[in-house]
Amino acid sequence: MFLAYGLLNLEGKSPEMDVEILARLQFAFTISFHYIYPPLSIGLGLLMVIMEGLYLRTGQKVYETMCRFWTRIFALTFGIGVATGIVMEFEFGTNWATYSRYVGDIFGSALAAEGIFAFALESGFLGVLLFGWNRVSSRVHFIATVGVFLGSMFSAIWITVANSWQQTPAGYQIVGEGLDARAEIVDFWAMVFNPSSVDRLTHVWIGAFLAGAFLVLSVHAYYLLRGRYVDLSRKAFKIALMVATVFSLSQLFTGHRSAEYVAEHQPAKLAAMEGHFDASGPADLYLVGWVDKERQTTTGIGIPGGLGFMLEQDFDAPVTGLNAFPEEDRPGQINAVFQFYHLMVAIGMILIGLTLLAVFYWWRGRLFEQRWLLWAFVWAVVLPQMANQFGWYTAEMGRQPWVVYGLLRTSDALSSVVTANQVLFSLIGFTIIYAILLALFIYLLNKKIKHGPYDESDIDDRPLQENIARVAGGQL
Amino acid sequence: MKLLYLLPLALLLTACGESDAAPGYSSLLGIDYPTLWFLVVGAVFTGYGILDGFDLGAGAWHLFFRKEESRRIALNAVGPVWDGNEVWLVIGGGTLFAGFPVVYGTLFSAMYVPLMLFLFALIFRAISIEFRGKEPMQWWKNLWDVSYSVSSALLAFLLGVVLGNVLLGMPLDDRLEFSGDWLNFINPFAILVGLTALALFMMHGAIYLTMKTEGRLFAKVNKLLQKSIIAFVLLFAILTLYVLLYIPHLSDGLKENPLLLGVPILAILAIANIPRLVSKRKYLPAFVFSTITVGLLLITAAMELYPVIILDSSGAGNDITVYNGVASNKSLGIMLTFVAIGGPLAIGYTAFVYKTFWGKVRLDEHSY
């Protein structure tokens, strides 16, 4: 699909245009694919820390088995995350050389901090986490698990800071002019704590926790429906349900905070998110809708003046609309920004509803009898993934036409020497390789889930007599 | 007595100040920040070369092992560490991007095709490692064995090709952007450096495998090791001659300052020491010396270049140096602080992992 789009645009456009479209397609494709995995690693990391912590506290083997099982799946998401992450880093230099020069002083230092503090920590302890179960004490192993988890959290800090600086630049000065202009740090902490960093980071973290928690919920709901590993799965499901409930609720607050920063610092993006054209009039808050860019209208179901109420607690409050900006400074894909944003919010609400319902049944003591709810959790695994993707689409498409908001246009950020054919070559390559990678991921994930939490040689959770028979029969 | 510990710190602080060589840039112990960051980037890439070097090398040998168990042992010898080793590349990329954004943009866009092939091979290699053990069919294992081995060798070769192009220089315009053709990366010198890197890593990897294997596999590795030493020494000799004869800009710096010649001489001594130690069956010291060899060769390359990072081969003098391709003084100061705090930690974790998995490979249920 991506390729077809890229090829279609090759005809009848200037060569620069081809490169820009192809390079943007390649970036969108590779970053979307990459972003399936790091949130899973962060979220599973949190769950593994809780599981192993419970094992150390209670001494119950079931928590260790659970943690080992999820470690094997974590290894998979981490490995793909590293491989596809290197692609992202290299792409800044290969496809976006002008951007690299422009932001190197700032983006680069955040990336370097990520490498030095986060990746070194993660990779250092990863080997012990995955292969060290029989080689180090359980306490040291726990330290390794916490180390890998913290490393992934730090990684999210630095990369979100770097992206937030592109949304709301702060603590910099511009040196040089025209094509040679670039941003330099003047105040490091102002750069790190730029107006959107903290709100967006918490939003990203929690999105990642939800991705991990819902994967755990999905797999254990599946086991419960199939009647496999019942005791272990009930425990794991409850752990993940607690995490999912707390964080799907708290995501409301970080989401609201993020919207507030957008209103203050990126009014054009906010206007696109709600399809609000009127330069300064009351703005509606839509539940669903459709934006007609040509006619400058948005039709849908919503609360009239609701956006002003959300921001100023006043239904008549004026909100800056798209018409307040010159045509060339507005996001190009207004309806897409609108739709992605509203889908993300809708998914967030569904997650809250699902988790609260499950907590209600848990409280009534009937959680595991609700087969339909368990089936809903089996499939709900895709929802946080979609919300994470859509949220980023909103943030990045809403920032257009800027790559650094108000400072550098995306069309100026390209590598000047790279040709359309080169980008086409790499785009085809990535499409093929990522298709194989996705197939690998699903195949291995499925295999690990089918294999289950127990090894062949374990005394597992089948009835006691069967286990005794296995020992007597020499199978163990 | 304890006050003595503060002495180096006090010296360090007094040594800080404005640099004479680079106006606007601070210095530490008489070395200005751009040069210090050049050293940091060099150190991280050297670390990467040493670490991923042996696992790429071990991977390149993979098809030489015939039996299933041998292949599994060879694969699991690098199993716990290859992922962590690759992270050094991510860190290296980050430090280059941050400190020398102009180099990052120009070099990476000039090396578009080899770097994309590098990324493809990197992902294929990871896929092969994960896929191989998951199905029992022989054709399945063979397929991933070939893919693993070929991608490992290709990665080592491409690293050398990119390094070769950096050493050779490339045409640059007055905005310090690449002004050549996308096929520029294919040239005899870069290919020679690529082959030398492959041979060096295969030697390095074979020594690593001798420490991790036993019995007949060990004997086999030992034989292969001898061959790779010969191949590497031959290629290295040709490369040295090539540089001396055809690439004056690399050897001029060393000729002017004979003291610097110590480093390549030490590198040659280190190389000479490897077959001696191998014949005495002292594999750990041999591994230490192949590590030193990788390090010293990269230091030699850095010294040959400095203060230029990418030479303008068009003759217009638009070289990218550590001074015109560098980040701001403020940014470098912040990042040097990061390195001072994070560097020792990173070395600590890495040492801990290697200590945990020290010794011969034992296949267990966590193995690949």
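Values in this text are rule-based calculations from the coordinates and carry no lab data. Note that the coordinates shown come from a computational prediction; the quantities given were computed from them, not determined experimentally. Note that we place each Cβ from the backbone using ideal geometry, even for glycine, and neighbour counts take in every protein chain shown.
Using only the Cα atoms of chain B, build the gyration tensor, take square roots of its eigenvalues as a ≥ b ≥ c, and label the shape rounded, prolate or oblate: rounded if a/c is under 1.5, else prolate if a/b is larger than b/c, else oblate.
Working: a/c = 1.71, a/b = 1.43, b/c = 1.19.
Note, shape of chain B comes out prolate.
Helix-derived [θ] at 222 nm for chain B: sum -39500 (n - 2.57) over DSSP H runs of at least 4, divide by residue count, nearest 500?
Numbers: 13 runs with 267 residues, N = 368.
Dividing the helical sum by the residues of chain B leaves -25000 deg cm²/dmol.
Roughly how many whole Å is it from the C-alpha centroid of segment A:65-81 to that of segment B:91-154?
Between the Cα centres of segment A:65-81 and segment B:91-154 lies a distance of 22 Å.
Under the rule of -39500 (n - 2.57) per DSSP H run of 4 or more residues, summed and divided by the residues of chain A, what mean residue ellipticity at 222 nm is obtained, to the nearest 500 deg cm²/dmol? List each step's numbers first, then the result.
Values: 18 runs with 322 residues, N = 476.
Mean residue ellipticity at 222 nm (helix-derived): -23000 deg cm²/dmol.
Could you work out how far apart the two model spin labels at B:ILE191 and A:ALA28 are, taking each label as a point 7 Å from the Cα in the direction of the beta carbon, and quote it in nm?
Inter-label distance under the simple model: 4.0 nm.
Please work out the FRET efficiency for the pair A:ALA336 and A:THR419, using the Cβ-Cβ distance as r and a Förster radius of 35 Å; give the result to the nearest 0.05.
Working: r = 28 Å, r/R0 = 0.80.
After rounding to 0.05, the efficiency reads 0.80.
Once the Cα atoms of segment B:239-362 are picked out, what are the Rg and Dmax in Å?
19.3, 58
What residues have an amide H closer than 5 Å to that of A:VAL403, excluding those fewer than 5 places away on the same chain, when H is modeled at 1.01 Å from N in the peptide plane?
When sequence neighbours closer than 5 places are left aside, the close amide H contacts are A:LEU408, A:ARG409, A:THR410.
What is the distance, in nm, between label points placed 7 Å from the Cα along the Cα-to-Cβ direction at A:ASP329 and at A:VAL140?
In this crude spin-label approximation the distance works out to 6.0 nm.
Kindly state, to the nearest 0.05, the FRET efficiency for B:LEU183 paired with A:ILE174, given R0 = 30 Å and r defined as their beta-carbon distance. Intermediate values should be presented prior to the final figure.
Values: r = 36 Å, r/R0 = 1.21.
That pair, B:LEU183 with A:ILE174, gives E of 0.25.
Quick one: what are the phi-derived ³J(HN,Hα) couplings along segment A:433-448, Karplus 6.51/-1.76/1.60 with θ = phi - 60°, whole Hz, x for glycine and proline?
5, 6, 5, 5, 5, 5, 4, 4, 4, 5, 4, 5, 4, 4, 5, 5
Based on alpha-carbon positions alone, could you give the equivalent ellipsoid semi-axes of segment B:164-274 from the gyration tensor, as √(5λ), descending, whole Å? Could you put the intermediate results ahead of the total?
Numbers: eigenvalues 221, 74, 25 Å².
Calculated on Cα positions only, the semi-axes equal 33, 19, 11 Å.
Please average, across the residues of A:214-226, the number of beta carbons from any other chain that are within 10 Å of each residue's own beta carbon, and give a whole number. Intermediate results must be reported in sequence, preceding the final value.
Numbers: counts 0, 0, 0, 0, 0, 0, 0, 0, 0, 0, 0, 0, 0.
Mean inter-chain Cβ contacts per residue within 10 Å come to 0.
With a bin width of 10 angstrom, please list the P(r) values of chain A as percents of all Cα-Cα pairs, from the 0 bin to the one holding the largest distance.
P(r) over chain A, rounded to whole percents: 4, 18, 27, 25, 16, 7, 2, 1, 0.
Please sort A:419-430, A:249-260 by packing, taking for each peptide the average over its residues of neighbouring beta carbons within 10 angstrom, highest first.
On the way: A:419-430: 19.6, A:249-260: 17.3.
Packing order, densest peptide first, comes out as A:419-430, A:249-260.
Which FRET efficiency value, to the nearest 0.05, is calculated for A:LEU225 and B:ARG66 with the Förster distance at 41 angstrom and r the Cβ-Cβ distance? Don't skip to the answer; put the middle values down first.
Numbers: r = 46 Å, r/R0 = 1.12.
Efficiency computed from Cβ-Cβ geometry: 0.35.
Counting partner chain Cβ atoms within 10 Å of every residue's Cβ in A:413-420, what's the average?
On the way: counts 0, 1, 8, 8, 12, 6, 2, 0.
Mean partner-chain Cβ count within 10 Å for A:413-420: 5.
Express the relative contact order of segment B:109-193 as a whole percentage, based on alpha carbon pairs under 8 Å and six or more residues apart in sequence. Spell out each step's value before the answer.
Numbers: 80 pairs, mean separation 29.3, N = 85.
Across segment B:109-193, relative contact order equals 34 percent.
With a ≥ b ≥ c taken as the square roots of the eigenvalues of the C-alpha gyration tensor of segment B:113-224, please select rounded if a/c is under 1.5 and otherwise prolate if a/b is larger than b/c or oblate if it is not? Working shown, then result.
On the way: a/c = 3.67, a/b = 1.80, b/c = 2.03.
Oblate.
Just to check, using Stokes-Einstein with a Kirkwood Rh over alpha carbon pairs, what's the diffusion coefficient of segment A:285-435 at 4 °C and 1.567 mPa s in µm²/s?
67
Connecting C-alpha atoms closer than 10 Å in a GNM of chain B, tell me which of B:TYR349, B:TYR283, B:TYR112 has the biggest fluctuation.
In the Gaussian network model the winner is B:TYR349.
Anything over 19 Å Cα to Cα? Flag those among A:LYS61/B:LYS134; B:LYS67/B:LYS220; A:LYS61/A:LYS447, in the order listed.
Values: A:LYS61/B:LYS134 27 Å; B:LYS67/B:LYS220 11 Å; A:LYS61/A:LYS447 23 Å.
Beyond 19 Å: A:LYS61/B:LYS134; A:LYS61/A:LYS447.
Residue by residue, what Karplus-based ³J(HN,Hα) values in Hz, rounded to whole numbers, does segment B:257-265 have, using 6.51, -1.76 and 1.60 with θ = phi - 60° and x for Gly and Pro?
Karplus-based 3J(HN,Hα) across segment B:257-265 equals 10, x, 4, 5, 4, x, 5, x, 5 Hz.
Within a 10 angstrom radius of each residue's Cβ in A:76-85, how many Cβ atoms of other chains show up on average? Whole number is fine.
Working: counts 1, 0, 1, 7, 4, 0, 9, 9, 4, 3.
The per-residue average across the peptide is 4.
Return the sequence-ordered ³J(HN,Hα) values of segment A:308-313 in whole Hz as given by the Karplus equation 6.51 cos²θ - 1.76 cosθ + 1.60 applied to θ = phi - 60°, using x for Gly and Pro.
x, 5, 4, 8, 10, 6
Hey, what did segment A:2-472 get for relative contact order, percent, Cα under 8 Å, at least 6 apart? Could the numbers behind the result be given before it?
Details: 661 pairs, mean separation 87.3, N = 471.
So the answer I get is 19 percent.
Computed over the Cα atoms of the protein assembly as shown, what is the convex hull's projected area averaged over all directions, in nm²?
Numbers: hull surface 160.3 nm².
So the mean shadow area of the Cα hull is 40.1 nm².
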